[in-house]
Structure formats: structure tokens, C-alpha cells
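Beneath this line is the structure, given in C-alpha cells, with notes to follow.
The values are calculated or read from the model by the stated rules, or taken from the named source; none is laboratory data. All figures in this text were calculated on a predicted structure; none of them were measured in a lab. Counting neighbours? That spans all protein chains shown, and the Cβs are built from the backbone with ideal geometry, glycine included. Accessible surface is based on the protein model in full, side chains and every heavy atom, while ligands, DNA and RNA are left aside. Shrake-Rupley method; radii C 1.70, N 1.55, O 1.52, S 1.80 Å.
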Amino acid sequence: MKCYICAKEGRDSDAVAICIVCGMGLCMDHAIREENDVWEGGYPFPAHKVKQRLPRILCPECAIAMKGEK
């Protein structure tokens, strides 16, 4: 699989990760690794934050969207 963003820019880079939100293939230059808080508890709201964080890989577009930025 090739990096989608690089392919759009006319470059040929192998994908090393897939965006957890949109499924886009990403090279090392475009993959963004973030750590999320994990909440544990019942309905309707989480009761407490778990000490360990959950890593995830995002593309640049989804990383911006997840932060609520434009």
C-alpha cells in the first residue's frame, strides 16, 4: 500500500500505518501518533479516567478534526 497523501502530491512512498478514523494509508511523514485518555464507568457518563492512555494513528486531516480546529 502507498501513502495516499504522497500519491496525491505525485510522490511514491510506502504506507506504514492506517488512519484509525478514515482508513487512509500513511507514510512516516504523514502519520500522526496521538495518545487518548481512556474513560471507565457506566451509563450515562464515564466515572473516572483510567491511568493508561490509548495510542492511535491519525492522518493530518483527522487529527485536526479530532481537536476541533479548522
Original post:
Within the range 16-64, which residues are outside any strand (DSSP E or B) and at pLDDT below 90?
Top reply: 41, 42, 43, 44, 45, 46, 47
**OP:** Name every residue in the range 19-47 that is within 11 Å of the chain's Cα centre (by Cα), among the hydrophobic types (A, V, I, L, M, F, W, C) and open to solvent by 50 Å² or more (accessible area, probe 1.4 Å), in order of residue number.
**Re:** 20, 21, 22, 32
Subject >> Members of the range 5-18 that are over 16 Å from residue 56 (Cβ atoms) and either surrounded by fewer than 16 Cβ atoms within 10 Å (Cβ to Cβ) or among the charged types (D, E, K, R) (or both) >> reply: 7, 8, 9, 10, 11, 12, 14
**OP:** List every residue pair whose Cβ atoms lie under 8 Å apart, where the two residues are 6 or more positions apart in sequence or sit on different chains, the first residue falls within the range 23-36 and is over 8 Å from residue 57 (Cβ atoms), and the second residue, located anywhere, is acidic (Asp, Glu) and part of a strand (DSSP E or B).
**Re:** 27/14
Original post:
Residue check: is residue 62 surrounded by 13 or more Cβ atoms within 10 Å (Cβ to Cβ) and touching a helix residue (DSSP H, G or I) at 6+ places or on another chain (Cβ under 6 Å)?
Top reply: no
